[in-house]
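The values are calculated or read from the model by the stated rules, or taken from the named source; none is laboratory data. Everything quoted here is computed from the prediction, not taken from an experiment. In this analysis, Cβ positions are derived from the backbone assuming ideal geometry, glycine residues included, and neighbour counts consider all displayed protein chains. Each accessible area value is taken on the protein alone, full model and side chains, heavy atoms only, with ligands, DNA and RNA left out. Shrake-Rupley method; radii C 1.70, N 1.55, O 1.52, S 1.80 Å.
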Amino acid sequence: MMRPEDMLGESLFESLIPQAEQRELDTERKHADQRIINLSRGSALFGVALAIIFLIEILTVPIMSHAIAWHIAVGLVAVPLLVGKLTYSSLRFIGYYRGDERYLQAGVPWFPLRVLAPFLVITTVLVIGSGVELDVAGPTSFSATFLAPAHFLLSAVWFLLMAFHVVAYFNRAARSTIKDMSYRLTQPRPKSSRSRVAIFLFTCAIGIVLATQLQGPIQRWETAFNSSSGINPSELTHPPTQYYNPTSLKRGRERERIHEENALKLRKKNS
């Protein structure tokens with residue numbers, strides 16, 4: 001592990017290169033306890049999946065008016081995967097700061113990544129959380145008027161933090177994931193690997209079900225984007241009425257009819 005004082009006279013990005021070139025997880029390289037290696041491999045598996053999902057999310061941004069449905073659906077799939085990733089990482093974090101000797105011997109990540117981690121977790125949760133809130137609330141909700149720009153600004157900050165994190169970890173995490181997924185082809189799959197992959201596949205299934213169950217809100221956003229020629233629905237002065245609750249529309253029309261009748265009676269009375 002590189003200490004902060006070891007980086008003096010060396011730029012951050014110069015010291016990032018050795019991290020990016022590592023081919024093994026830190027816990028494997030240090031021959032840590034098997035439980036800790038399993039936690040690291042689980043974190044790597046979920047991390048690689050999230051990196052792929054986030055790449056798809058980023059690629060949909062320039063064509064949002066045509067890919068809004070994909071953007072939302074893929075983001076929903078990421079929700080349970082993010083929970084899984086944070087669970088694996090938190091277990092190791094708790095073990096280390098609780099003073100467990102096995103975790104202490106395994107050490108901690110590179111210092112800049114340790115500093116980056118809390119900010120990355122916070123921004124990721126805020127980006128995903130605001131995206132889910134926007135999806136559920138709908139394009140003509142009050143939430144969309146302030147959450148849409150907040151979601152965009154948070155995503156810009158998150159992208160910079162995530163890019164640094166991915167560059168540092170992706171090579172070793174991808175190799176660990178490939179090893180996990182290819183065990184069956186090369187040698188009998190260890191029990192720990194079977195459990196890890198089973199948890200991962202189950203988590204993916206939850207994400208797919210979540211995206212499927214929220215097809216209604218996704219379609220509302222897609223229709224709003226199409227009807228507004230790519231303009232953010234939260235910026236529309238008069239959003240399409242079909243997105244309002246039909247019962248509320250019926251009551252509104254009834255109140256409007258009553259007001260017109262009262263106005264007509266008042267005019268007749270005055271005349």
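Laid out as a table, the results:
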quantity	calculated
Total residues in segment 16-31, condition surrounded by 20 or more Cβ atoms within 10 Å (Cβ to Cβ) and hydrophobic (A, V, I, L, M, F, W, C)	1
Qualifying residue in segment 47-64 (condition: buried (at least 21 other Cβ atoms within 10 Å of the Cβ), among the hydrophobic types (A, V, I, L, M, F, W, C) and closer than 20 Å to V108 by Cβ)	no
Check on F142, surrounded by fewer than 15 Cβ atoms within 10 Å (Cβ to Cβ) and under 17 Å from the mean Cα position of the chain (by Cα)	no
Evaluation of L126 against (1) within 30 Å of Q219 (Cβ to Cβ); (2) touching a helix residue (DSSP H, G or I) at 6+ places or on another chain (Cβ under 7 Å); (3) modelled with pLDDT under 90; (4) open to solvent by 70 Å² or more (accessible area, probe 1.4 Å) (one fails), failing number	(3)
Condition met for L91 (crowded, with 19+ Cβ neighbours inside 10 Å, of a type outside the set (G, A, S) and touching a Leu at 6+ places or on another chain (Cβ under 7 Å))	no
Hey, S43 surrounded by fewer than 15 Cβ atoms within 10 Å (Cβ to Cβ) and among the polar types (S, T, N, Q) or not	no
Where a residue in segment 89-105 is under 13 Å from L39 (Cα atoms) and its partner, wherever it lies, is assigned to a loop (DSSP other than H, G, I, E, B) and open to solvent by 50 Å² or more (accessible area, probe 1.4 Å), with Cβ under 7 Å and at least six apart	R102/D33
Segment 1-25: number of residues that are modelled with pLDDT under 80, among the charged types (D, E, K, R) and closer than 30 Å to P190 by Cβ	0
Selection count where residues are open to solvent by 80 Å² or more (accessible area, probe 1.4 Å) and without any contact (Cβ under 8 Å) to a residue 40 or more places away in the chain, scope segment 107-120	1
Residue among V197, V157 that is open to solvent by less than 50 Å² (accessible area, probe 1.4 Å), out of contact with any His (no Cβ under 9 Å at 6 or more places or on another chain) and either without any contact (Cβ under 8 Å) to a residue 40 or more places away in the chain or closer than 23 Å to L86 by Cα (or both)	V197
Single residue of L86, L147, L91 found to be under 26 Å from L12 (Cα atoms), in a helix (DSSP H, G or I) and out of contact with any strand residue (DSSP E or B) (no Cβ under 6 Å at 6 or more places or on another chain)	L86
Count - residues of segment 182-238 that are modelled with pLDDT under 75, assigned to a helix (DSSP H, G or I), within 27 Å of I63 (Cα to Cα) and of a type in the set (S, T, Y)	2
Hits in segment 107-134 - residues which are part of a helix (DSSP H, G or I) and more than 13 Å from the chain's Cα centre (by Cα)	F111, P112, L113, R114, V115, L116, A117, P118, F119, L134
Hits in segment 94-123 - residues which are modelled with pLDDT of 90 or more and of a type in the set (F, W, Y)	F119
Residues within segment 95-106 that are open to solvent by less than 90 Å² (accessible area, probe 1.4 Å) and assigned to a helix (DSSP H, G or I), tallied	5
